[in-house]
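Data block below; observations after.
The values are calculated or read from the model by the stated rules, or taken from the named source; none is laboratory data. Bear in mind that the values here come from a model prediction, so they are computed numbers and not experimental data. Cβ placement follows ideal geometry from the backbone for every residue including glycine, while neighbour counts extend to all protein chains displayed.
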Amino acid sequence: MSQRTVGARVSRARNRTSLATAAALATGALTLSLLPATAAVAADEPGSAWGKDAPSFSMPAVKVGSNKPVAPKAERAPSRRVAAWRAQQKKRAEGSTARSLQQEIPALVPQGQGDVPWHKISDFAITDALTARINFSTGNLMLAATDFSVAGVGQQLTLARTYNSLEAPWGKVSQRWWQQYERYLQVLSDEVVLYDASGDTLRFKKATDGSFITPKGYSKELKKNTDGTYTLTNWKSGSKDTYDEHGTLTKVTDKNRRALAHVARGRSRDLLHRPCSPRTSVGTADDMASRPADESPGRSLGAGAAARP
């Protein structure tokens, strides 16, 4: 082996040793420079969110034994306004759908129930078809239930309902349960009150030019058509609800202009939901029997409720 080869190997070994030594020194210097900063940060961190001198708290012991439910308490007597409101709602829910009732001045217009858009609401699922919703702004408890949902061409056929623990419009099934297709307008002389799909109330005040002023916080617009009907436009979803001159929901149109007709026949609890396409209906057995042959749908589902005694 030549002297030149041995010298080259020794030179490369020295270079590697020098690089390793330099890397070790750099790492040590960096570590030493970070230690004081880390210690300072740790020293400045408070023991709790209330500061260094905050009292210490300990978790209370978990009691072992059987749980007993809280004894139920009867509701306190309602005020005169609430009692009058309930009487008006009971008449409407039991089938008194006279036009005079639709335009009767309400004794009370409840607020804070339903899906208020600017309120803080927490949701958690109880089952796959039932969701509990707690409104932290008002304390209202809502139960959102989906009874069935049928997919198809056009809009889905969905029957959903909402329970409100606060005062809310009475549904045709029970006092507290409000079906989404029960929403209606109460047409008054100076305003129109909308009882929405979740039981929420929107008050559209009438302006001097005859138009309606949208309540603050909502993205819905109400217009009165030349034929006396009303159109409610939801600017967020692009959907439109059509109500007749008395405030009864007649049609729901989505942003793609696919319409779902809504017809109340016979008893107040018989509802028929008929998409314009395809030929699919949701109604009661009485509806199916009384429909002319040329209106027979391709498939149907019963969605009515039995009449109360």
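Please give the number of the condition HIS273 fails out of (1) at pLDDT 85 or above; (2) closer than 15 Å to GLN180 by Cα.
(1)
Right, TYR243: in contact (Cβ under 8 Å) with a residue 60 or more places away in the chain and aromatic (Phe, Trp, Tyr) or not?
Against the criterion (in contact (Cβ under 8 Å) with a residue 60 or more places away in the chain and aromatic (Phe, Trp, Tyr)), TYR243 does not qualify.
Exactly one of these conditions fails for GLY152: (1) exposed (fewer than 14 other Cβ atoms within 10 Å of the Cβ); (2) among the small types (Gly, Ala, Ser); (3) at pLDDT 85 or above; (4) not in a strand (DSSP E or B). Give me its number.
(3) is the only condition that GLY152 fails.
Considering GLN111, GLN155, which residue is touching a residue at least 60 places away in the same chain (Cβ under 8 Å) and closer than 20 Å to ASP200 by Cα?
Exactly one of GLN111, GLN155 is touching a residue at least 60 places away in the same chain (Cβ under 8 Å) and closer than 20 Å to ASP200 by Cα, namely GLN111.
Mind checking which residues of the stretch 95-135 are at pLDDT 90 or above and hydrophobic (A, V, I, L, M, F, W, C)?
Matches in the stretch 95-135: VAL109, VAL116, TRP118, ILE121, PHE124, ALA125, ILE126, ALA129, LEU130, ALA132, ILE134.
Exactly one condition in (1) within 17 Å of SER237 (Cβ to Cβ); (2) over 17 Å from the mean Cα position of the chain (by Cα); (3) of a type outside the set (Ser, Thr, Tyr) is false for LEU188; which is it?
Every listed condition holds for LEU188 apart from (1).
Does at least one position in the stretch 162-169 carry a residue that is crowded, with 21+ Cβ neighbours inside 10 Å and in contact (Cβ under 8 Å) with a residue 60 or more places away in the chain?
Scanning the stretch 162-169, I find at least one residue that is crowded, with 21+ Cβ neighbours inside 10 Å and in contact (Cβ under 8 Å) with a residue 60 or more places away in the chain, so the answer is yes.
For the stretch 242-251, check the following and say yes or no: at least one residue is part of a loop (DSSP other than H, G, I, E, B), within 25 Å of the chain's Cα centre (by Cα) and either of a type in the set (Phe, Trp, Tyr) or at pLDDT 90 or above (or both).
Checked the stretch 242-251: at least one residue is part of a loop (DSSP other than H, G, I, E, B), within 25 Å of the chain's Cα centre (by Cα) and either of a type in the set (Phe, Trp, Tyr) or at pLDDT 90 or above (or both).
Can you find, within the stretch 84-93, the residue that is modelled with the highest pLDDT among those that are among the small types (Gly, Ala, Ser) and surrounded by 13 or more Cβ atoms within 10 Å (Cβ to Cβ)?
In this case the residue turns out to be ALA84.
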